[in-house]
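Single-structure report; data block below.
The values are calculated or read from the model by the stated rules, or taken from the named source; none is laboratory data. A quick note: this is a predicted structure, and the numbers were derived from the prediction, not measured. Here the Cβ is made from the backbone with ideal geometry for all residues, glycine too, and neighbour counts use every protein chain on show.
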Amino acid sequence: MAKIPRNEQETIISLDVETDEWMFYSNYPVHIRKWRDKIIPTREEFYSDGTVKMLDGIINGSAAVYGKRTMTDEQRKELSERMKALHQ
């Protein structure tokens, strides 16, 4: 069972404007695990051990991309205090 080389792994998310559907294709295991429950599969391939090799389908809902979050020192301190309170 030869795994796909890391430099050949990819994830593609695209919008079909005519049907207003987000299409998903990935052979990158991290993204397959992350997106699997959000995809209506049209095609899947598996390795002999049962792990998913490739997932292709339609995203159930929509796709969004967020920029990296930057916080001020004050925001970071406030978040830290909230997390400490939750864990006590």
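Where in the range 7-74 are there strands (runs of 3 or more DSSP E), lying fully within it, with 3 or more residues that are surrounded by 16 or more Cβ atoms within 10 Å (Cβ to Cβ) and either aromatic (Phe, Trp, Tyr) or modelled with pLDDT of 90 or more (or both)? Let's see the steps before the verdict.
Values: elements: 11-16, 21-26, 39-46, 52-59.
Strands (runs of 3 or more DSSP E) meeting the threshold: 21-26, 52-59.
Taking the range 32-64 as the range and being under 20 Å from Asp16 (Cβ atoms) and β-branched (Val, Ile, Thr) as the test, the residues that pass are Ile39, Ile40, Thr42, Ile58, Ile59.
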